[in-house]
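Have a look at the structure below before the remarks.
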Amino acid sequence: MYFEPGACVHSGSGGDRVLTEVHTRKRIRREFGASLIEVLVSIVIASIGLLALAGINAASLRYSKMSQYRATASQLVNDIAERIRANNTSAGTLLAYTVNSAFVDQVPLPAAAVPACNTVADSCTDIQMAAADLQQWRTTVRSRLPEGSVSVLPDAAVPGAFDVWIAWRDPTLAAADETPTVGALECSGDLNVAADPQVRCLYFRVKI
(Lines give C-alpha, C1' and ligand atoms only; values in the text may rest on other atoms or scores of the structure.)
Protein backbone atom coordinates (compact mmCIF):
# COMPACT_ATOMS: atom_id res chain seq x y z
CA MET A 1 0.00 0.00 0.00
CA TYR A 2 1.34 3.33 -1.02
CA PHE A 3 0.95 6.50 1.05
CA GLU A 4 1.71 9.82 -0.38
CA PRO A 5 4.09 11.94 1.61
CA GLY A 6 2.22 13.96 4.24
CA ALA A 7 -0.93 11.83 4.01
CA CYS A 8 -0.69 10.77 7.66
CA VAL A 9 -0.61 14.35 8.74
CA HIS A 10 -3.88 15.15 7.08
CA SER A 11 -5.65 11.82 7.62
CA GLY A 12 -8.46 12.06 10.23
CA SER A 13 -7.92 15.78 10.91
CA GLY A 14 -11.56 16.57 10.05
CA GLY A 15 -12.83 14.01 12.56
CA ASP A 16 -10.57 15.43 15.24
CA ARG A 17 -11.98 18.86 14.66
CA VAL A 18 -15.54 17.51 14.95
CA LEU A 19 -14.73 15.75 18.22
CA THR A 20 -13.04 18.85 19.53
CA GLU A 21 -16.06 20.99 18.66
CA VAL A 22 -18.43 18.49 20.32
CA HIS A 23 -16.39 18.46 23.52
CA THR A 24 -16.17 22.25 23.45
CA ARG A 25 -19.95 22.62 23.11
CA LYS A 26 -20.52 20.16 25.96
CA ARG A 27 -18.09 22.06 28.16
CA ILE A 28 -19.78 25.36 27.34
CA ARG A 29 -23.19 23.88 28.16
CA ARG A 30 -21.89 22.57 31.48
CA GLU A 31 -20.32 25.91 32.31
CA PHE A 32 -23.50 27.75 31.32
CA GLY A 33 -25.62 25.42 33.46
CA ALA A 34 -23.30 25.88 36.42
CA SER A 35 -23.37 29.66 35.98
CA LEU A 36 -27.17 29.65 35.83
CA ILE A 37 -27.36 27.66 39.08
CA GLU A 38 -24.97 30.10 40.73
CA VAL A 39 -27.15 33.02 39.62
CA LEU A 40 -30.30 31.36 40.99
CA VAL A 41 -28.59 30.59 44.30
CA SER A 42 -27.42 34.20 44.52
CA ILE A 43 -30.97 35.44 43.90
CA VAL A 44 -32.35 33.17 46.63
CA ILE A 45 -29.70 34.31 49.12
CA ALA A 46 -30.30 37.97 48.25
CA SER A 47 -34.08 37.50 48.66
CA ILE A 48 -33.63 35.93 52.09
CA GLY A 49 -31.35 38.80 53.08
CA LEU A 50 -33.89 41.40 51.94
CA LEU A 51 -36.70 39.67 53.83
CA ALA A 52 -34.58 39.58 56.98
CA LEU A 53 -33.73 43.26 56.55
CA ALA A 54 -37.41 44.13 56.12
CA GLY A 55 -38.26 42.17 59.27
CA ILE A 56 -35.56 43.95 61.27
CA ASN A 57 -36.79 47.32 60.04
CA ALA A 58 -40.40 46.51 60.96
CA ALA A 59 -39.35 45.33 64.43
CA SER A 60 -37.28 48.47 64.92
CA LEU A 61 -40.25 50.69 64.07
CA ARG A 62 -42.50 48.68 66.37
CA TYR A 63 -40.15 48.89 69.35
CA SER A 64 -39.61 52.59 68.72
CA LYS A 65 -43.38 53.15 68.79
CA MET A 66 -43.69 51.04 71.93
CA SER A 67 -41.07 53.18 73.67
CA GLN A 68 -43.01 56.28 72.64
CA TYR A 69 -46.23 54.89 74.14
CA ARG A 70 -44.46 54.02 77.40
CA ALA A 71 -42.96 57.50 77.67
CA THR A 72 -46.39 59.03 77.05
CA ALA A 73 -47.93 56.80 79.75
CA SER A 74 -45.31 57.99 82.26
CA GLN A 75 -46.14 61.62 81.50
CA LEU A 76 -49.86 60.95 81.92
CA VAL A 77 -49.37 59.33 85.32
CA ASN A 78 -47.32 62.31 86.48
CA ASP A 79 -50.19 64.53 85.33
CA ILE A 80 -52.86 62.80 87.43
CA ALA A 81 -50.52 62.60 90.44
CA GLU A 82 -49.99 66.37 90.34
CA ARG A 83 -53.73 66.96 89.99
CA ILE A 84 -54.43 64.86 93.08
CA ARG A 85 -51.74 66.63 95.11
CA ALA A 86 -53.12 70.02 94.09
CA ASN A 87 -56.65 69.10 95.17
CA ASN A 88 -56.84 67.46 98.57
CA THR A 89 -55.25 64.36 100.02
CA SER A 90 -58.05 63.50 102.44
CA ALA A 91 -59.27 59.90 102.32
CA GLY A 92 -62.65 60.84 100.84
CA THR A 93 -61.10 62.91 98.07
CA LEU A 94 -58.59 60.20 97.17
CA LEU A 95 -61.39 57.68 96.76
CA ALA A 96 -63.10 60.06 94.32
CA TYR A 97 -60.21 59.46 91.89
CA THR A 98 -61.07 55.76 91.57
CA VAL A 99 -61.52 54.43 88.01
CA ASN A 100 -62.38 50.74 87.71
CA SER A 101 -64.20 50.49 84.36
CA ALA A 102 -63.41 47.75 81.84
CA PHE A 103 -61.30 48.64 78.79
CA VAL A 104 -64.21 48.28 76.36
CA ASP A 105 -66.43 50.46 78.55
CA GLN A 106 -64.00 53.36 78.24
CA VAL A 107 -64.35 53.65 74.46
CA PRO A 108 -66.65 56.70 74.59
CA LEU A 109 -65.04 59.84 75.97
CA PRO A 110 -66.05 60.61 79.55
CA ALA A 111 -68.86 63.13 79.86
CA ALA A 112 -67.88 66.68 80.75
CA ALA A 113 -67.84 67.34 84.46
CA VAL A 114 -70.45 69.70 85.89
CA PRO A 115 -69.26 72.11 87.09
CA ALA A 116 -66.11 72.13 84.95
CA CYS A 117 -64.05 73.68 87.77
CA ASN A 118 -61.83 75.50 85.30
CA THR A 119 -62.77 79.14 86.01
CA VAL A 120 -62.70 81.40 89.03
CA ALA A 121 -66.49 81.58 88.88
CA ASP A 122 -66.80 77.82 89.46
CA SER A 123 -67.10 77.07 93.14
CA CYS A 124 -66.19 73.40 93.41
CA THR A 125 -65.89 71.02 96.29
CA ASP A 126 -62.92 68.66 96.49
CA ILE A 127 -65.08 65.83 95.14
CA GLN A 128 -66.27 67.95 92.21
CA MET A 129 -62.68 68.93 91.48
CA ALA A 130 -61.73 65.25 91.47
CA ALA A 131 -64.48 64.54 88.93
CA ALA A 132 -63.28 67.42 86.73
CA ASP A 133 -59.67 66.23 87.02
CA LEU A 134 -60.60 62.71 85.96
CA GLN A 135 -62.71 63.90 83.03
CA GLN A 136 -59.94 66.13 81.68
CA TRP A 137 -57.22 63.57 82.35
CA ARG A 138 -59.05 60.63 80.79
CA THR A 139 -59.84 62.72 77.72
CA THR A 140 -56.13 63.51 77.41
CA VAL A 141 -55.23 59.82 77.79
CA ARG A 142 -57.72 58.97 75.06
CA SER A 143 -56.26 61.55 72.69
CA ARG A 144 -52.59 60.69 73.24
CA LEU A 145 -52.76 56.89 73.14
CA PRO A 146 -54.70 54.61 70.76
CA GLU A 147 -57.87 53.72 72.67
CA GLY A 148 -56.15 55.00 75.80
CA SER A 149 -57.82 53.79 79.00
CA VAL A 150 -56.99 53.84 82.70
CA SER A 151 -57.45 52.02 85.97
CA VAL A 152 -56.89 53.98 89.19
CA LEU A 153 -57.22 52.18 92.51
CA PRO A 154 -56.45 53.83 95.86
CA ASP A 155 -54.66 51.51 98.29
CA ALA A 156 -56.78 51.35 101.44
CA ALA A 157 -53.88 49.85 103.40
CA VAL A 158 -51.44 52.65 102.51
CA PRO A 159 -52.88 56.19 102.83
CA GLY A 160 -52.10 58.34 99.81
CA ALA A 161 -50.97 55.40 97.64
CA PHE A 162 -52.48 54.51 94.27
CA ASP A 163 -52.10 51.66 91.81
CA VAL A 164 -52.39 53.14 88.32
CA TRP A 165 -52.53 51.31 84.98
CA ILE A 166 -52.40 53.05 81.62
CA ALA A 167 -53.78 50.85 78.83
CA TRP A 168 -53.80 51.21 75.06
CA ARG A 169 -54.28 49.14 71.93
CA ASP A 170 -51.02 48.57 70.06
CA PRO A 171 -51.82 49.03 66.33
CA THR A 172 -48.44 47.57 65.32
CA LEU A 173 -49.13 44.27 67.09
CA ALA A 174 -50.96 41.57 65.15
CA ALA A 175 -53.35 39.44 67.15
CA ALA A 176 -51.36 36.33 66.22
CA ASP A 177 -48.11 37.74 67.64
CA GLU A 178 -49.00 37.24 71.28
CA THR A 179 -51.01 34.83 73.38
CA PRO A 180 -54.23 36.20 74.91
CA THR A 181 -52.85 35.88 78.45
CA VAL A 182 -50.06 38.43 77.96
CA GLY A 183 -52.33 41.48 78.17
CA ALA A 184 -54.15 40.05 81.18
CA LEU A 185 -50.88 39.64 83.09
CA GLU A 186 -49.83 43.23 82.38
CA CYS A 187 -53.16 44.89 83.16
CA SER A 188 -55.46 45.45 86.09
CA GLY A 189 -58.19 42.85 86.44
CA ASP A 190 -60.76 45.65 86.33
CA LEU A 191 -59.77 46.43 82.74
CA ASN A 192 -60.83 42.90 81.74
CA VAL A 193 -58.59 42.49 78.68
CA ALA A 194 -57.80 38.77 79.02
CA ALA A 195 -59.20 37.95 75.56
CA ASP A 196 -57.52 40.84 73.72
CA PRO A 197 -53.79 40.27 73.02
CA GLN A 198 -53.40 43.67 71.34
CA VAL A 199 -54.00 45.62 74.55
CA ARG A 200 -50.88 46.76 76.37
CA CYS A 201 -50.68 48.16 79.90
CA LEU A 202 -48.10 49.95 82.00
CA TYR A 203 -48.34 49.80 85.79
CA PHE A 204 -47.33 52.58 88.20
CA ARG A 205 -47.28 52.84 91.96
CA VAL A 206 -48.02 56.42 92.98
CA LYS A 207 -47.60 57.89 96.45
CA ILE A 208 -49.19 61.29 97.03
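The values are calculated or read from the model by the stated rules, or taken from the named source; none is laboratory data. Since this is a predicted model, take the numbers as computed values, not measurements. Cβ: placed from backbone, ideal geometry, glycine included. Neighbour counts: every protein chain shown.
Against the numbered list (1) hydroxyl-bearing (Ser, Thr, Tyr); (2) out of contact with any Phe, Trp or Tyr (no Cβ under 6 Å at 6 or more places or on another chain); (3) part of a strand (DSSP E or B), Ser143 comes up short only at (3). How many of the residues making up region 167-197 are at pLDDT below 90, in contact with a helix residue (DSSP H, G or I) (Cβ under 6 Å, 6 or more places away or on another chain) and either outside any loop (DSSP other than H, G, I, E, B) or within 15 Å of Lys65 (Cβ to Cβ) (or both)? Count: 1. Among residues of region 67-90 that are on the phi < 0 side of the Ramachandran plot, those with a Cβ under 6 angstrom from a residue that is among the charged types (D, E, K, R), sequence gap 6+ or separate chain, pair up as Thr72/Arg144; Arg83/Asp133; Asn87/Asp126; Asn88/Asp126.
Any residue that is within 20 Å of Asp190 (Cα to Cα), surrounded by fewer than 20 Cβ atoms within 10 Å (Cβ to Cβ) and modelled with pLDDT under 90 - is there at least one of those in region 116-123? No: region 116-123 contains no residue that is within 20 Å of Asp190 (Cα to Cα), surrounded by fewer than 20 Cβ atoms within 10 Å (Cβ to Cβ) and modelled with pLDDT under 90.
Listed conditions (1) surrounded by fewer than 16 Cβ atoms within 10 Å (Cβ to Cβ); (2) more than 27 Å from Pro197 (Cβ to Cβ) are all met by Pro154, apart from (1).
Of all the residues in region 92-104, those that are out of contact with any Lys or Arg (no Cβ under 9 Å at 6 or more places or on another chain) and either surrounded by 12 or more Cβ atoms within 10 Å (Cβ to Cβ) or in a loop (DSSP other than H, G, I, E, B) (or both) number 9.
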